[in-house]
Amino acid sequence: MKETVKLISAEGFEFVIDREAAMVSQTIRSMLTSPGGFSESKDGVVTFPDISTTVLEKICQYFYWSLQYSRGKETEFHIEPELTLELMMAANYLHT
Amino acid sequence: MTILRSREIPTNQTKPLPNQPDIEPSTPARTQEPNVHNSPDEITLVDESSRRRCLCLNGLTEKEVSGEKVSNSDDKFLSLRSGKRVAKRTVDCYVESDDGFKIESFESELGLNSGNESKRKKVCVVDLVEDKSGASEDFDGDNKIDLRLSLGRSCDGMLADNKNKGKEVVEDLEVICVESYEKPSSSMGRKKYTREEKGKGIQVEEVCAPIVNEIVEDAVEEMEVEKLIENEKPPDVAVTEVVEAEVNVGQTQNQNSNGSGNSSRTQHFRDIAKKNALKFAYFDAQIEDEDDLSDKEGGEQNVEDWPGPFSTAMKIIKDREENVNLFIGSSLFTNRNRKSPINWVPSGNFSAAPRKAPSLKELSLRVLVKNADAITSLDYIPDALRIKLCQLLCDSRRMNVHVFDLLVRGSPTEIRVPDCSWLTEEEFTECFKNCDTSNLTVLQLDHCGRCMPDYVLHSTLARSPKQLPMLSSLSLSGACRLSDVGLQAIVSAAPEITSINLNQCSLLTSSSIYMLSDSLGSVLRELYINECQNMDLKLILSALKKFEKLEVLSLADLPSVRGRFLRGFLTARGKGLKQLILTNSEKLTDSSIKGISENCPNLIVLDLANVCKLTDAALGYLANGCHSLEKLIFCRNSFSDEAVAAFVETASGSLKELSLNNVKKVSHNTALALAKHSDKLQILDLSWCRDMPDNSLGYIVDNCSSLKVLKIFGCTQVTDAFVKGHSNPNLKILGLKMDPFLNNLRKSFTDL
């Protein structure tokens, strides 16, 4: 029923999340919906060789938090300070 | 409230009377106020028990004012048709009564010595006092506005000094509206005021015209004895007429909703007033002290020699207005009473709009700002993120040497610190002396006055002749300790500078500009010299002409910018000019705008905020000359609604940002024009434009499809009907009540 996509980190960890959650990122959205027969749009798998596992995990958590926020449930999203620099750069890359 | 003033004969230009509150009058700018000779008059006291509205009008020189007592205590307030209450104020002394009511004694001023009977001058003072509560007897002095309407009667003896102006100026007669308190016993009337006032808001500018009309019409008609202080002269018929009429007017207003037989009479008065109003409106044009003659003559020419698009548009709009006026008739006098031709119903469904979650980038930046000291390296962070981080740190004043050091480390390409006021000389020297600046393209150290005297430069920025080889953009605004020598040292180390920002560098003189034109004359594209007080503009003109590629010139806050200077520069270099910032250049007139329109066809950004002398003709010139304008800033210019509408219709095809801040007369014509012709408009500033009600704003917002930001600071007339009811999903509204706006201060169309 629910469409899912797989995000793969630099270390090879695979994160399977809802398609709707992944679409929060503009970059992933255009990867998955771009016409042109790219493997990402066909298989629903995106690899990120520059993003580490901990950061990618946090990003997935952010996706779900963002969906929750726009549905009305406004909570706080905590970020560990050690992660912040890398997270910011990844977020910048992912347009999220 | 107690005001004691003595006045003299206006034999020459004098400054305005003291104790005047700082509110600009609605009449055009004038610096001179006719003074009145103090005469040893009897002071009649207001009888506490009887208060009556009292408006005295000294219509003619021959007539005298009678010394009558104000018998009524409800003279204190004259309520106008618009619902405002005009406070009477005597021009002499007030006597406070025991029970706290202010009793004013009214004294009329004499123009000349008492011996010269035919040349008496009377002065009246109109104070417009907003009585917000409507119930308080004491009026709030904060809202007082002095309104002086001088009636045009020349008086030979008195105008001896004014004759050099070549025209008969200065009337010795003015209209005085005297404050009057509302009768405490008439609670019915008071309630009416409260309702009216609350309904009609706090617009004060329009009161002027109604006052004139009412005064005039009253003066002509009624015959009643007015209380005025006068010396040995016989009763002034005109004044008594006025008093009588004024009382009637007051009563009429008081009983406006009663719709008595007064209405037809007031209608009649109004017609008479309109005919005579022009005679009485006084405009003193003696403002300039040492202006160019060319500035004056330029403004008087016609905008166009042939019926061009702008004047055609103006004519169409004016005809439309007149037709509407004729149709509605003269019974609706003020703009606000006129029904706006815009039909707009709120149709938005705002409660359903979901709130967008903050982006992860923003959240991370916030955490970084809080923990800035824990950052160990900024090495692989892209420039855009570094800049954003610096910006946020400076905004929250958490920027410190630690982060600055991180920025400077390595071989940075961009260093942008918008606020260096925390940086000391030692820290600056320490950080920069080992900095590898070979790749530096952008250096922004704004507000660096504290850390940048001349002597640190040789060890930091100007260590060697090729210290800054790639530097293209340098911003040292606020470098108040930097002198010509220091700037020369920097520039000699950076030969490729294309943009230099020297705002508020108060020690720099014209020799800096000469130096810049010698070393950077062939490459410099942007020059910002706002508020460089020591620069003599006459001297830098020839240096400015040497910049071959100059595209951006910013001369804000330099009050000495004159038409001649500007024209000299524009004829030489206007063709390449893209941005021209002339904020606060108060001496410019329409002829300068004509020069701009003729010489700068490629102008994209034009800032004319606070250039108050411009008239509608300036808009005509701009419409005909500058066709590529994308950003246009007006503030406090006195353009008419029709002119702005005509401008928008003819010339706003490429406009992305328009500011009509405090251009108070804009109204429904502008709204219609904006809605129809501004499809590229992204940012619109209509702050303080109170003639734009909800339906006008809604009409604009729903029809300007690209509109993203609407600024309506000070627009007290806006209600939720517009805020919640418009249907533009991308629109951000700034300036309402207590909504936060600090995050959006820097919004320009390049940021969106």
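Annotation: extensible slack from B:Ser464 through B:Thr498 equals 10.2 nm (criterion: 0.36 nm per residue apart, minus Cα-Cα distance). Peptide B:363-372 is shielded by partner chain Cβ atoms: per residue, an average of 5 of them sit within 10 Å of its Cβ. Take the Cα of B:Ser519, step 7 Å toward its Cβ, do the same at A:Ser70, and the gap between the two points is 5.3 nm.
Once the C-beta distance of A:Val45 and A:Phe77 is scaled by a Förster radius of 22 Å, the resulting FRET efficiency is 0.25 to the nearest 0.05. Ordered by the number of other Cβ atoms lying within 10 Å of each residue's own Cβ, fewest first, B:Asp557, B:Asp679, B:Asp379 fall into the sequence B:Asp379, B:Asp679, B:Asp557. Placing pseudo-labels 7 Å out from each Cα toward the beta carbon at B:Lys549 and B:Asn534 gives an inter-label distance of 3.0 nm. Neighbour counting of Cβ atoms within 10 Å sorts the residues B:Val324, B:Val456, B:Val648, fewest neighbours leading, into B:Val324, B:Val456, B:Val648.
Along the Cα-to-Cβ line of B:Ser628, 7 Å from the Cα, sits a label point; which residues in segment B:515-546 have backbone N less than 16 Å from it? From segment B:515-546, the list is B:525-526.
Given R0 = 22 Å, the distance between the Cβ atoms of B:Ser542 and B:Thr571 translates into a calculated FRET efficiency of 0.95. Past the 31 Å Cα-Cα mark, which pairs from B:Lys587/B:Lys656; B:Lys613/B:Lys724; B:Lys631/B:Lys665; B:Lys466/B:Lys546; B:Lys631/B:Lys724; B:Lys370/B:Lys631? Violating the 31 Å Cα-Cα cut-off are B:Lys613/B:Lys724; B:Lys370/B:Lys631.
Shielding by partners for peptide B:373-380, expressed as the average number of C-beta atoms from other protein chains within 10 Å of each residue's C-beta, is 2.
Each reported figure results from applying straightforward, stated rules to the coordinates on display, with no laboratory input. Since we're looking at a predicted model, the values are computed, not measured. Note: ideal-geometry Cβ built from the backbone for every residue, glycine included; neighbour counts use all protein chains shown.
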